[in-house]
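In what follows, a single structure is set out as structure tokens and then discussed.
The numbers here are math on the coordinates, done by the rules we state, and not lab data. Quick caveat: nothing in here was measured; it's all calculated off a predicted structure. Cβ atoms come from the backbone with ideal geometry, glycine included; neighbour counts cover every protein chain shown.
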Amino acid sequence: MSGPPRAHELGIIGCHVCGLVCREPAVEDAACPRCGAALHRRKHDSIRRTWALLLAAFMLYIPANVLPIMRTVSLGDVDDNTIISGVVELWVKGSPSLAVIVFTASIVVPMMKFLVLGTLLVSTQRRSGWALRQRAGLYRLVEFIGYWSMLDVFVVALLTALVRFGFFSQVEPLPGVVFFGLTVILTMFSSMSFDPRLMWDAPDHD
Amino acid sequence: MNRQPRPPFARAICENAAMSTPEQGIARMEPAPATVDAPLICEQCDTVHRNRVLARGEEILCVRCGAELARYHALDAGGMLALVLTALIVFVVANVWPVVTLGLGSQRISTTLWGTILMMWGQEAQVVAVVAAATLFFFPLNKMLMLGWVLWFARRGRRAPGFAFIMRTLYYLQPWTMTEVFVLGALVSIVKARAYFDVQPDPGIWAYGVLTLLITIFSGIDLRRLWDQTEPRA
């Protein structure tokens, strides 16, 4: 492999918590001498953990979208909203620009996380040298936007706490919102357990 | 080294690290000049870079994958401490005052963050209540308190008691605070509710807005440099 040297080739290792650079330890479960965090050359069992968490997140994402997340009762009229019907309602009655934001946070971002992490996992497993820089950028994007998907969960929580006018108007959370919250958390754990350094370990790049 | 007990498995690398010579540019146990001597290793692709002192507005990007490795910081420990204390005060305001008030006829209902959390707990959505309490209250609060504690000592170049533990905890808490998402959520709720109710934003929402700005500023700060700016003996 050409190009600038990589830490492993020089036999050194950087601590991910405090940044201290050490010689690569001989033992498996070493700790950073400065801050005490575990030192890993690569995240432990990264590919398998990322797959497991991603698949679990995907399984929860189905009920999160199919089941309603919020019930609005007004004057005896019961109306159950799913994520997508909430977006539509916001578009029609409120403001289209916010509808776009909610659509992005609740639909586009989670779908993108599944697609991007899935692509990264498959290409890394195949030791592909394809578009490495772009894949690295995609990973940073997923890490950066991941937690914004929690938006809809907080909206449901706030509306539940605010709209308590009894018979006249009432909002209740429905199981969909719990599934959706869990999906977001699992995708966050999934992207955290992916080790982007593995992409660059492919033998045939540069 | 100091007298603090160390886990036995750490000894192997401590000896390794002590053996490494400064000519190789590998950090030794004395942290003082290591900012420039020690190489920078890209966390995302493992590429080794030479480190250097940055001027205003400069940053170091990884030549291989493009990740940001280091960036110039105008704030010293005192400045960061001021920011954290400001954020703490704003945090109190944001949590004590209600966020939004809804009106329907003569009825008025307002809520705070904790009102929202307790409501979700009571409505069979305990998972949501726990997630909200953690990411909107406990994690941000702990982050500010721990940062304040560490920075208070770092101003004089010292390491606070529990420095290593706190720095590790801060690192792991980093992605789990969602105050800015909550602010956007409050805006969306206001717009949604406006179709049916009189909506009045309360001081809490403004405080949350300010808090979001402050959090954005200090989430851009690389806390690792505190290791280089402080002496091991507290």
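Table for the structure above
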{"item": "Cβ charges +1 (Lys, Arg) and -1 (Asp, Glu), total dipole of the protein assembly as shown, debye", "result": "900 debye"}
{"item": "Eligible aspartates and glutamates near B:LYS192 by straight Cα distance, threshold 20 Å, same-chain separation 8 or greater", "result": "A:ASP77, A:ASP79, A:ASP80, A:GLU89, A:ASP152, A:GLU172, B:GLU180, B:ASP202"}
{"item": "All-pairs Cα distance distribution in the protein assembly as shown, expressed in whole percent, bin size 10 Å", "result": "4, 19, 27, 24, 16, 8, 2, 0"}
{"item": "Gain upon complete extension [B:LEU141, B:ASP76; 0.36 nm per residue less C-alpha separation]", "result": "21.2 nm"}
{"item": "Computed label-point distance, nm, for sites A:LYS93 and A:THR119 using a 7 Å Cα→Cβ extension", "result": "3.7 nm"}
{"item": "Computed FRET value (nearest 0.05) for B:SER106 with B:TRP206, which takes r as the C-beta separation and R₀ as 30 Å", "result": "0.70"}
{"item": "Charge-dipole axis of the stretch A:46-195 as Lys and Arg at +1 and Asp and Glu at -1 on Cβ define it, positive-most pick from A:ALA131, A:VAL109, A:PRO96", "result": "A:ALA131"}
{"item": "Cβ-based exposure ranking for B:ILE117, A:ILE47, in which fewest neighbours within 10 Å come first", "result": "A:ILE47, B:ILE117"}
{"item": "Selection of trypsin sites (Lys or Arg not before Pro), the stretch A:98-206, meeting DSSP coil and at most 12 other Cβ within 10 Å", "result": "A:ARG126"}
{"item": "Cβ-based charge dipole, chain A, positive-most Cα from A:LEU60, A:PRO5, A:VAL178", "result": "A:PRO5"}
{"item": "Estimated distance in nm for a label pair at B:ARG56 and B:GLU124, the labels positioned 7 Å out from Cα along Cα-to-Cβ", "result": "6.0 nm"}
{"item": "Inter-label distance for B:ASP222 and A:SER128, nm, one decimal - labels placed 7 Å from Cα along Cα-to-Cβ", "result": "3.1 nm"}
{"item": "Two-decimal log10 I(q)/I(0) for the stretch B:70-205, as the Debye equation yields it once each C-alpha is a single scatterer, q = 0.09, 0.12, 0.13, 0.17 Å⁻¹", "result": "-0.36, -0.60, -0.68, -0.99"}
{"item": "Sum of -39500 (n - 2.57) over DSSP H runs of 4+, divided by residues of chain A (222 nm, nearest 500)", "result": "-16500 deg cm²/dmol"}
{"item": "Point-charge dipole on Cβ atoms (K/R +1, D/E -1) for the stretch A:1-41, about Cα centre, debye to 20", "result": "140 debye"}
{"item": "Projected-area mean, the stretch A:44-200, by convex hull of Cα positions, square nanometres", "result": "9.8 nm²"}
{"item": "Environment charge at A:GLY94 (Cβ cut-off 10 Å; Lys +1, Arg +1, Asp -1, Glu -1)", "result": "+2"}
{"item": "Kyte-Doolittle mean at least 1.0 and Cα axial length at least 18 Å: DSSP H helices in chain A", "result": "A:46-66, A:109-125, A:175-193"}
{"item": "At most 10 other Cβ within 10 Å, DSSP loop - trypsin sites (Lys or Arg not before Pro), the stretch B:37-103", "result": "B:ARG56"}
{"item": "Cα-centre dipole for chain A with unit charges at Cβ (Lys and Arg positive, Asp and Glu negative), debye to 20", "result": "540 debye"}
{"item": "Cysteines, chain A, no other Cys beta-carbon under 4.7 Å", "result": "A:CYS22"}
{"item": "Per-residue average of Cβ from other chains inside 10 Å of B:124-133", "result": "6"}
{"item": "Average beta carbon contacts from partner chains per residue of B:166-179, 10 Å cutoff", "result": "3"}
